[in-house]
Protein chains: 4
Amino acid sequence: MNTATLLISCPDQKGITATIANFIYKNNGNIEHADQHIDANSNTFFMRIEWSLKGFIIPKKEIAPQFSKVAKKFNMNWSLYFSDDIPKIAIFVSKATYCLYDLLLKHEQDYFSGKIALIISNHDKASTIAKRFGIKFYHYPKNNANKRETEKKELKLLQEEGIELIVLAHYLQIFTKQFTQKYPNSIINIHHSFLPAFAGSNPYRQAYQRGVKIIGATSHYITEKLDSGPIIEHDVIRVDHRRRLLDLKREGQEIEKMVLNRAVRWHLERKILVYGNKTVIFD
Amino acid sequence: MNTATLLISCPDQKGITATIANFIYKNNGNIEHADQHIDANSNTFFMRIEWSLKGFIIPKKEIAPQFSKVAKKFNMNWSLYFSDDIPKIAIFVSKATYCLYDLLLKHEQDYFSGKIALIISNHDKASTIAKRFGIKFYHYPKNNANKRETEKKELKLLQEEGIELIVLAHYLQIFTKQFTQKYPNSIINIHHSFLPAFAGSNPYRQAYQRGVKIIGATSHYITEKLDSGPIIEHDVIRVDHRRRLLDLKREGQEIEKMVLNRAVRWHLERKILVYGNKTVIFD
Amino acid sequence: MNTATLLISCPDQKGITATIANFIYKNNGNIEHADQHIDANSNTFFMRIEWSLKGFIIPKKEIAPQFSKVAKKFNMNWSLYFSDDIPKIAIFVSKATYCLYDLLLKHEQDYFSGKIALIISNHDKASTIAKRFGIKFYHYPKNNANKRETEKKELKLLQEEGIELIVLAHYLQIFTKQFTQKYPNSIINIHHSFLPAFAGSNPYRQAYQRGVKIIGATSHYITEKLDSGPIIEHDVIRVDHRRRLLDLKREGQEIEKMVLNRAVRWHLERKILVYGNKTVIFD
Amino acid sequence: MNTATLLISCPDQKGITATIANFIYKNNGNIEHADQHIDANSNTFFMRIEWSLKGFIIPKKEIAPQFSKVAKKFNMNWSLYFSDDIPKIAIFVSKATYCLYDLLLKHEQDYFSGKIALIISNHDKASTIAKRFGIKFYHYPKNNANKRETEKKELKLLQEEGIELIVLAHYLQIFTKQFTQKYPNSIINIHHSFLPAFAGSNPYRQAYQRGVKIIGATSHYITEKLDSGPIIEHDVIRVDHRRRLLDLKREGQEIEKMVLNRAVRWHLERKILVYGNKTVIFD
């Protein structure tokens, strides 16, 4: 079933839902999902609405221009997606490959409404895995001296390939502003702690030393400020004093995979709306 | 803020959302919350929509009659609630009082959009607690011989007091059909297991004997069939071989309280819609 | 059943377990629980061992002196507890009383191997609750000017009453070093966040603003450094964008109660051993 | 580090721990882990004790005969394991391969104290995966007519290969008594529900129809009675009315993998002791 999905935020006022629902109904669309939320503090209206394009009167290309008139009236931030436009994904990875493997397996089993088009790594290790799954692999070593040049190469490649979503599946290089600004709310990272606890490097070691009884993982969008972007998903697992640092890492990996997988899936299903430094997850 | 809330289910078709949203908008209402869901298997549309009555053109008493015209068109099952109609609650309890206590404390702290009007017990034990909190207490002993007669007394009292919601906070008597049919989807029970596992009596003992590693609790609406009504909420807690039966009971109690509390709160906030033997929980 | 419990830590070496087990066996004791742990990093041995005193040859008063000879040999830190010595507890509370209530209810139902002897508050609000439960209540208002003087009064009272464990059930005053040093590893605090995230004041507000998807609570021993003492227990609950700040507080309270309750119970059952800034929880 | 591990159960009495600890100490062993548990209902003593063989006086082959004298005195059920005896594992699988994949990946990363020696399947589908990972693959189709014959072939192969642990990673054939009796407490199955709820076939469908709010998975040892053997581990995940049957399956898979992985790991680390129809998991 082909559908269109609108993600909308705007100042709250009367008549928004009616106007949007009428736009769909009058053009012969059937709403499949609709969820709205009002943030009372900021008086902001949020909506995700998805409707079937079967029998929809407006042709696909004309929907955005026509909806933009509605949008203007309410001063909306909005984006429109079509289920038959398959987003292309690039995965960045360093040496730890368990998240990469998990994404590739799920991709192979059609869990994602997107296509993993390529893998970029600053190491060569993942090339074998890429080969196993038949995904293009690019080995771009990176250091402080060549970082800006390498990022330019990466950006060029991503644009040529039409990449829409970047997933950092344990990529241990920090991007410069030049890179992150090109992909606002489109770079998903997995951090192996329950942010904001244990930001920065070696979060499991930090957790171990602090003696916490629960460890976690966080998926979030990358912004310029390290480990501080909008949080998409968390999950946690209970640990105890018997766990060595190695055990925290092993048990944490299971959580990391789930938390990253959910973030990627939700992004591709257009269920995430970023406002300020937070996310609304339409479920 | 005074609001009206509609809970709706009907066969899915085009235009439902538009029609409802128009009904509210044209009468100058502002939607505060709206959530809808379509069950694709049965092609059923579900909606919860809540709007502010501030400036709403239709007077409170006229809203239902006027909406019924919309409802007929779409063959809706619907119910309308107003936030300033405070539902009255009766609690039934036997000897275990921890759930009762939890409800009374939360009631005292205004957590519930409802008023606990009375407590009925087949034992005298809870009378002291009722007194502490200033709630009317009725001691109705019950056995197989007097059950039908006692239920009649109870029903009479509930009707005189205008009770809308009955909460079984560990009430160890089974009601007859004569009783349950008077309060469809309005009697909430707490069962101290993760239903459908360990239905019936002594669920902790059953769990202990089976050697499970997680125990749970379930809140559900009472139907004629024991422990088989629509499930509202579950929660669980991890246990291990070191836990004696007594420990399961104690740790389980914390879960029971949370699970019952959530069910009562959601019911009072009109967030639960029953269809078939399942619940839609609008969040 | 009367039991003795030893909590032991010392450098690991051969023969520790054998020596301790022999000490108990030769004096005709039956071990009820024994658990040991070795921290490989620091080569430290930890043990909790509990045995029945029924038929034990050494009289209660002589056990410590006799065991001290064993202890010296292995350079042990150790403490010895008897199940029939009921520890006395003082609760400190400010205005929020839900944790206090929970502790008092559980105390009334004999969940704790200890006796709540008194409640101290910088406000008068909790006096009614103290009365309901028949617990002595002391109203000691506190400000920066009178803090040291008030703490002296408090310490005097605690010593006169023979208090062994202090529970801060939402007590919003920070103690000085003069106070905390008198009760090392004996003051349990509940912090309403998943420490080390959101230390300091208004953790729910901090969590709300950061947009986390899971909130938590932490019980820990108080040290001189705010919110940095050894963590005893954590728990968490999932939240989403629909939750207002008030909702986070309400849902978090359920977690806070459980997490504080567990810490108090484990402390009283002599299941917690502090080493460095961490805890070993013998289960 | 080479270690020996004893798993022991016997009627509780004085002196067991002392005797075992002395046996190790006098032969110059250093205890690395020791945990014991007493089931008060049945007066049964359980222990797991692991010690370093570095400098241990008794040669490996002589440990069992010598310990058997101790064991006889206390009427022990016991088993002795050595960390340098690597158990061999066979995986049985049908068409769903996500659990198989997870086990193979973890095996490749040395998570298990065991060696996956071969894969047996009633379908050919998993042969490609087996090849990818370089594991021997046997395709043994099975139906009611050839079941007993096929099981004989399987048993022969397992014995020839010296298989000690059998993991059913979604194997949809039920074994006969002839098979299961050869591997008591040595066949681990993953059931995709929170047993005892939804035993039998199609557990996700059953869960979906019952309208539960939490789904789970269970790993357990196989006995003659379907889905009724000793439970090793459970885990759960929250679902809601928006989840279709397909979603339950997908989200449940993540839980299944974790629950099976833990059971296999614990079995191989000799942390599981079965008594009656329950397990003691030494942690």
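The values are calculated or read from the model by the stated rules, or taken from the named source; none is laboratory data. Please read all numbers here as calculations on a predicted model, not as lab measurements. Note that each Cβ is placed from the backbone with ideal geometry, even for glycine, and that neighbours are counted across all protein chains shown. Note: areas computed on protein heavy atoms with side chains; ligands, DNA, RNA excluded. Shrake-Rupley method; radii C 1.70, N 1.55, O 1.52, S 1.80 Å.
Identify the residue in the range D:229-249 that is in contact (Cβ under 8 Å) with a residue 40 or more places away in the chain, within 9 Å of another protein chain (Cβ to nearest Cβ) and not β-branched (Val, Ile, Thr) and, among all such residues, is most open to solvent (accessible area, probe 1.4 Å).
Step one: of the range D:229-249, the residues in contact (Cβ under 8 Å) with a residue 40 or more places away in the chain are D:229-234, D:236, D:245, D:248-249.
So of that shortlist, the ones also within 9 Å of another protein chain (Cβ to nearest Cβ) come out as D:230-234, D:236, D:245.
From what is left, the residues that are not β-branched (Val, Ile, Thr) are D:230, D:233-234, D:245.
On the way: D:230: 3, D:233: 8, D:234: 0, D:245: 31 Å².
It comes out as D:245.
In the range C:112-131, how many are open to solvent by 40 Å² or more (accessible area, probe 1.4 Å) and either within 13 Å of another protein chain (Cβ to nearest Cβ) or more than 17 Å from residue C:171 (Cα to Cα) (or both)? Before the answer, list the steps.
Let us first name the residues in the range C:112-131 that are open to solvent by 40 Å² or more (accessible area, probe 1.4 Å), namely C:113, C:115, C:123-125, C:128, C:131.
Still in the running and either within 13 Å of another protein chain (Cβ to nearest Cβ) or more than 17 Å from residue C:171 (Cα to Cα) (or both): C:113, C:115, C:125, C:128, C:131.
Total meeting the criteria: 5.
Would you pick out the residues in the range C:184-196 that are surrounded by 19 or more Cβ atoms within 10 Å (Cβ to Cβ) and touching a strand residue (DSSP E or B) at 6+ places or on another chain (Cβ under 8 Å)?
Here is the first cut: in the range C:184-196, the ones surrounded by 19 or more Cβ atoms within 10 Å (Cβ to Cβ) are C:187-196.
Matches in the range C:184-196: C:187, C:188, C:189, C:190, C:191, C:192, C:193, C:194, C:195.
When you look at residue B:173, is it open to solvent by less than 50 Å² (accessible area, probe 1.4 Å) and over 30 Å from residue D:39 (Cβ atoms), yes or no? Taking the combined requirement at face value, the residue satisfies it.
Against the list (1) within 10 Å of chain D (Cβ to nearest Cβ); (2) surrounded by fewer than 21 Cβ atoms within 10 Å (Cβ to Cβ); (3) at pLDDT 95 or above; (4) assigned to a helix (DSSP H, G or I), the condition residue B:266 fails is (1).
Kindly indicate whether any position in the range A:152-162 is in a strand (DSSP E or B), closer than 28 Å to residue A:269 by Cα and without any contact (Cβ under 8 Å) to a residue 40 or more places away in the chain.
In the first step, residues of the range A:152-162 are kept if they are in a strand (DSSP E or B); the result is none.
Looking through the range A:152-162, none of the residues is in a strand (DSSP E or B), closer than 28 Å to residue A:269 by Cα and without any contact (Cβ under 8 Å) to a residue 40 or more places away in the chain.
Restricting the range C:197-214 to residues that are in contact with an Asp or Glu (Cβ under 8 Å, 6 or more places away or on another chain) and either at the interface with chain A (Cβ under 10 Å from one of its Cβ atoms) or among the aromatic types (Phe, Trp, Tyr) (or both), the residue that is surrounded by the fewest Cβ atoms within 10 Å (Cβ to Cβ) is C:199.
Tell me yes or no: at least one residue of the range B:185-194 is in contact with an Asp or Glu (Cβ under 6 Å, 6 or more places away or on another chain) and under 25 Å from residue B:87 (Cα atoms).
Going through the range B:185-194, the residues in contact with an Asp or Glu (Cβ under 6 Å, 6 or more places away or on another chain) turn out to be B:190-192.
Within this subset, residues satisfying the condition of being under 25 Å from residue B:87 (Cα atoms) are B:190-191.
Yes: the range B:185-194 contains one or more residues that are in contact with an Asp or Glu (Cβ under 6 Å, 6 or more places away or on another chain) and under 25 Å from residue B:87 (Cα atoms).
Just to verify a result, which residue in the range A:132-165, among those that are within 14 Å of chain D (Cβ to nearest Cβ) and either surrounded by 11 or more Cβ atoms within 10 Å (Cβ to Cβ) or touching an Asp or Glu at 6+ places or on another chain (Cβ under 8 Å) (or both), is nearest to residue A:89 (Cα to Cα)? Even if it seems obvious, please write down each step before you answer.
The first filter runs over the range A:132-165 and keeps only residues within 14 Å of chain D (Cβ to nearest Cβ), leaving A:132-134.
Then keep just the ones that are either surrounded by 11 or more Cβ atoms within 10 Å (Cβ to Cβ) or touching an Asp or Glu at 6+ places or on another chain (Cβ under 8 Å) (or both); that gives A:132-133.
Values: A:132: 18, A:133: 15 Å.
Among those that are within 14 Å of chain D (Cβ to nearest Cβ) and either surrounded by 11 or more Cβ atoms within 10 Å (Cβ to Cβ) or touching an Asp or Glu at 6+ places or on another chain (Cβ under 8 Å) (or both), it is A:133.
Hey, among the residues in the range B:7-32 that are in contact with a Lys or Arg (Cβ under 7 Å, 6 or more places away or on another chain) and part of a strand (DSSP E or B), which one's nearest to the other protein chains (Cβ to nearest Cβ)? The residue in question is B:30. When you check residue A:118 against the structure, is it among the aliphatic types (A, V, I, L, M), at pLDDT 95 or above and closer than 30 Å to residue A:49 by Cα, yes or no? It is false that residue A:118 is among the aliphatic types (A, V, I, L, M), at pLDDT 95 or above and closer than 30 Å to residue A:49 by Cα.
Residues in the range D:174-188: is at least one part of a strand (DSSP E or B) and touching a helix residue (DSSP H, G or I) at 6+ places or on another chain (Cβ under 9 Å)? Among the residues of the range D:174-188, at least one is part of a strand (DSSP E or B) and touching a helix residue (DSSP H, G or I) at 6+ places or on another chain (Cβ under 9 Å), which makes the answer yes.
The residues on offer are D:31, D:8, D:38, and the sole one that is open to solvent by less than 10 Å² (accessible area, probe 1.4 Å) and in contact with a strand residue (DSSP E or B) (Cβ under 6 Å, 6 or more places away or on another chain) is D:8. Being in contact with a Ser or Thr (Cβ under 7 Å, 6 or more places away or on another chain), free of Cβ contacts under 8 Å to residues at least 60 places away in the same chain and open to solvent by 20 Å² or more (accessible area, probe 1.4 Å) holds for only one residue in B:218, B:223, and it is B:223.
Results for (1) open to solvent by 20 Å² or more (accessible area, probe 1.4 Å); (2) assigned to a strand (DSSP E or B); (3) within 13 Å of chain C (Cβ to nearest Cβ); (4) under 28 Å from residue C:51 (Cα atoms), shown as yes or no for each residue.
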{"site": "D:46", "(1), (2), (3), (4)": "no, yes, yes, yes"}
{"site": "D:51", "(1), (2), (3), (4)": "no, yes, yes, yes"}
{"site": "D:64", "(1), (2), (3), (4)": "yes, no, no, no"}
{"site": "D:73", "(1), (2), (3), (4)": "yes, no, no, yes"}
{"site": "D:86", "(1), (2), (3), (4)": "yes, no, no, no"}
{"site": "D:92", "(1), (2), (3), (4)": "no, yes, no, no"}
{"site": "D:101", "(1), (2), (3), (4)": "no, no, no, no"}
{"site": "D:110", "(1), (2), (3), (4)": "yes, no, no, no"}
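Entry remark, the range A:272-282: residues being among the polar types (S, T, N, Q) and either under 17 Å from residue A:111 (Cβ atoms) or surrounded by fewer than 23 Cβ atoms within 10 Å (Cβ to Cβ) (or both) number 1 in total. Being modelled with pLDDT of 95 or more and closer than 20 Å to residue A:103 by Cα is a property that holds for residue A:188.
Table: residues versus (1) touching a Phe, Trp or Tyr at 6+ places or on another chain (Cβ under 8 Å); (2) more than 22 Å from residue C:132 (Cα to Cα).
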| residue | (1), (2) |
| --- | --- |
| B:128 | no, no |
| B:134 | no, no |
| B:144 | no, yes |
| B:147 | no, yes |
| B:152 | no, yes |
| B:155 | yes, yes |
| B:162 | no, yes |
| B:169 | yes, yes |
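Let's see how each residue does on (1) more than 14 Å from chain D (Cβ to nearest Cβ); (2) among the aliphatic types (A, V, I, L, M); (3) open to solvent by 20 Å² or more (accessible area, probe 1.4 Å):
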| position | (1), (2), (3) |
| --- | --- |
| B:251 | yes, no, yes |
| B:255 | no, yes, no |
| B:261 | yes, no, no |
| B:270 | yes, no, yes |
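Farther than 20 Å from residue D:54 by Cβ, of a type in the set (Ser, Thr, Tyr) and outside any helix (DSSP H, G or I): does that describe residue C:68? In short, no. Taken together, the residues in the range A:53-62 that are open to solvent by 40 Å² or more (accessible area, probe 1.4 Å) and within 11 Å of chain B (Cβ to nearest Cβ) amount to 2.
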